[in-house]
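Everything below concerns the one structure shown next.
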Amino acid sequence: MTATLTPVRKRSALTKGQLPKAAPYIVLAVALILGAAILALIGFNAFGWGIVSAILFTAGLVGWSLVVEGVRKAKDKLATCLVVGAFLIALVPLFSVIWTVLVNGLPGLLDPGFLTTSMNGVTGAFDNKTVEEGAPLLGGIYHALMGTLLITVLATLISVPVGLLTAIYLVEYGEDRALARAITFFVDVMTGIPSIVAGLFAAAAFFAVVGPGTKTGAVAAVALSVLMIPVVVRSSEEMLKIVPNELREAAYALGVRKWRTILKVVLPTAISGIASGITLAIARVIGETAPILVTAGFATTINANVFSGWMASLPTFIYTQILNPTSPSNPDPSSERAWGAALVLIILVMLLNLGARLIARIFAPKTGR
Amino acid sequence: MTTTSLTKSRGAGQSGDKVFSAATLAAGCLILVVLFGVALFLVIQALPALVAPGDKIQGGEGFFTYIWPLVIGTLIASVIALVIATPIAIGVALFISHFAPRKLASGLGYVIDLLAAIPSVVYGAWGVAFLAKEISPSYNWLAGNMGWLPIFQGPASATGKTILTAGIVLAVMVLPIITSLTREIFLQTPKLHEEAALALGATRWEMIRMTVLPFGRPGIISAVMLGLGRALGETMAVALVLSSGALTASLIQTGNQTIAAEIALNFPEASGLKVNTLIAAGLVLFVITLGVNMIARGIITRHKEFSGAN
């Protein structure tokens, strides 16, 4: 009697032909070991190990799945591997860029006076001395930092009113008129203008109006505005659109004028999104190089006047220090300064991005419930 | 008394209304004027180069002989960028929209967006200081083993500062743009389609192939076109990475040049007719990117009307 009651372990038809749960881990371990072994034969490096192991892992898992589970599941596994692989590949340049900038930029940034001196009077002779006799690295990015801040602030002062008012027109007054549709279309077109063309436009306009060869910080600010306005319009428009219509109707019902409604009800509701959109727009233009290069030139001295004279900025400083080192025979000090400036620029951009998120969170309208 | 204050406030409110709506209208019109100005000023400043006798232009054979190698070079660099970036971007977008755990997805999307936040000049510096050095051995390998293909004809550049390196850097730069656009489109796939496919027993990949990709195809095309627009106009990466030269078919030799990089490298020191020539080159670039972007936008708007997703 007892013998007949012994449960017979039989795999259900539903779970038949499945890989065990631990299958990916087993294949991963095998692939890593095999990969290391193969790389050990031809010379080990971490990047190659990753690539070889990934290929082995994919082949192993898909092959196993093909044998046990059949073609359809194997294809699914292959697609999953490829998609995850694509994501990992996309991360490689991100970390590589950040790592390169950190490693190369920190020594430059930590030089005394790097943030507080300009390149005024720093010649190749000093750089040769730095390399040959170990003299301290001279010169810094103060003038470029000043230039970037001044140009960006001026560009923001031009772009934000124009962009914000346009967004208000599109959302509150446009009502799908031909003009509103034309503006929407051309704002889209503007987002696609290559940055160097924006720079050329500002240069061409000032050459024609003020005089040939006009290169000042203000021209650069106009060029950056051409790039910044469409971003501000787009983000503000999206934010104004999601303000609930009930709020506007409630204000109108209380007899509030349309412009007061917009200023006191609509804008405060959307302000968090608008402010973070503007911050992101600033982050976008602060790193633009090409338009500044053709509109403000590059300078080695401090120039606090945006309306006259060439002006340095962080991106053009990086560009010129790499392409035309201060001392052509010893480019190392120049590249150290360039990387230091690149690190400062990345920190600025990341802070602005972070700031945009914080602004969005802090100024978000209180829901009350 | 109440009536007067009411009328008063009404008067103030009315003029406020008028001033405010006029201000918004003016801002909107200003944008149209600016864009018109872009075209107008570029044309005015470019005209001298277009009508100048051929021997005055750099190269001595007229503007069009000067510009066409640059146009081809620009297209080569952009096509390399797209060939590399498109499959990876679609993979990343699928990963974030359909594969990654829901809680991680938005954070991972933000990480990819960080790629877009890094300034182009930093990419250029990275390309010339890191990528070109690391990648030049593989160019030697390509020249040795694939040299029978015209695009990999040796001898490979020793510095790695070639159009292929520039294209790879451009690929990294357009990747976040294509990713974020396609991700949005994939997320708009009607949930019912996806669930219907899964309910019929489709695996995840079959579900994606049958519902997500067909639904997203116009979106993918336009995202790639917008990425192309960005790659065409990208300046700094190419200006720093590529050691330019005459037009060559080989991607791993020194040579080729793009319009944007040509302008950036020469404009600061240019004077006289050279300025006009470079502005004319900028005009050509503007027209090309404008065409690409308008086609992309056209696809998006047409798709919006028929999709029923919104």
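The values are calculated or read from the model by the stated rules, or taken from the named source; none is laboratory data. Only a predicted model underlies this, so the values are computations on that prediction, with no experimental measurement involved. Every residue, glycine as well, gets a Cβ built from its backbone with ideal geometry; the counts of neighbours run over all protein chains shown.
Of all residues in region A:170-208, those that are surrounded by fewer than 21 Cβ atoms within 10 Å (Cβ to Cβ) and touching a residue at least 60 places away in the same chain (Cβ under 8 Å) total 1.
Just the residues that are at the interface with another protein chain (Cβ under 9 Å from one of its Cβ atoms) and either farther than 19 Å from B:I80 by Cβ or within 13 Å of the chain's Cα centre (by Cα) (or both), please, taken from region B:256-271. Answer for region B:256-271, where residues must be at the interface with another protein chain (Cβ under 9 Å from one of its Cβ atoms) and either farther than 19 Å from B:I80 by Cβ or within 13 Å of the chain's Cα centre (by Cα) (or both): B:A260, B:I263, B:A264, B:L265, B:F267, B:P268, B:S271. Within region A:152-169, restricting attention to residues that are within 14 Å of another protein chain (Cβ to nearest Cβ) and either polar (S, T, N, Q) or not in a helix (DSSP H, G or I) (or both), the residue that is surrounded by the fewest Cβ atoms within 10 Å (Cβ to Cβ) is A:T152.
For region A:286-369, please list each of the helices (runs of 4 or more DSSP H) lying entirely inside it that holds at least 1 residues being surrounded by fewer than 22 Cβ atoms within 10 Å (Cβ to Cβ).
Working: elements: A:290-295, A:314-323, A:332-362.
Counting at least 1 such residues, we get A:314-323, A:332-362.
Out of curiosity, is B:G91 buried (at least 16 other Cβ atoms within 10 Å of the Cβ) and assigned to a helix (DSSP H, G or I)? If you could, list the steps in order and put the result at the bottom.
Values: buried (at least 16 other Cβ atoms within 10 Å of the Cβ): yes; assigned to a helix (DSSP H, G or I): yes.
Taking the combined requirement at face value, the residue satisfies it.
Note on region A:78-122: among residues that are surrounded by 14 or more Cβ atoms within 10 Å (Cβ to Cβ) and among the hydroxyl-bearing types (S, T, Y), the one that is nearest to the other protein chains (Cβ to nearest Cβ) is A:T100. Total residues in region B:60-99 satisfying the condition of being away from chain A (no Cβ under 14 Å) and among the hydroxyl-bearing types (S, T, Y): the figure is 2. Scanning region A:321-348 for residues that are over 22 Å from the mean Cα position of the chain (by Cα) and either hydroxyl-bearing (S, T, Y) or at the interface with chain B (Cβ under 9 Å from one of its Cβ atoms) (or both) yields A:L323, A:T326, A:S327, A:S329, A:S334, A:S335.
Conditions (1) under 16 Å from A:V92 (Cα atoms); (2) within 14 Å of chain A (Cβ to nearest Cβ); (3) surrounded by 17 or more Cβ atoms within 10 Å (Cβ to Cβ); (4) touching a residue at least 12 places away in the same chain (Cβ under 8 Å), marked per residue:
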position: B:Y110; (1), (2), (3), (4): yes, yes, no, no
position: B:S138; (1), (2), (3), (4): no, yes, no, no
position: B:N145; (1), (2), (3), (4): no, no, no, no
position: B:Q153; (1), (2), (3), (4): no, no, yes, yes
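Exactly one residue out of B:L213, B:L251 is more than 8 Å from chain A (Cβ to nearest Cβ), part of a loop (DSSP other than H, G, I, E, B) and within 20 Å of B:A85 (Cα to Cα), and it is B:L251. Can you give me the number of residues within region B:256-280 that are surrounded by 20 or more Cβ atoms within 10 Å (Cβ to Cβ), more than 17 Å from B:L170 (Cα to Cα) and either modelled with pLDDT under 85 or not hydroxyl-bearing (S, T, Y) (or both)? Matching residues across region B:256-280 total 8.
A search for C-beta distances below 9 Å between a residue of region B:177-203 that is away from chain A (no Cβ under 12 Å) and within 16 Å of B:P214 (Cα to Cα) and any residue that is of a type in the set (K, R) and not in a helix (DSSP H, G or I), counting only pairs 6+ apart in sequence or on different chains, returns nothing.
Among all residues of region B:295-307, there is none that is at the interface with chain A (Cβ under 10 Å from one of its Cβ atoms), over 30 Å from B:F41 (Cβ atoms) and of a type outside the set (K, R). Annotation note: Cβ proximity below 8 Å between a residue of region A:291-319 that is away from chain B (no Cβ under 12 Å) and on the phi > 0 side of the Ramachandran plot and a residue that is outside any loop (DSSP other than H, G, I, E, B) and among the small types (G, A, S) (sequence gap 6+ or interchain) occurs for no pair. Selection of region A:129-151 for residues being out of contact with any Ser or Thr (no Cβ under 6 Å at 6 or more places or on another chain), under 27 Å from A:V222 (Cα atoms) and surrounded by fewer than 24 Cβ atoms within 10 Å (Cβ to Cβ) yields A:L145, A:M146, A:L149, A:L150.
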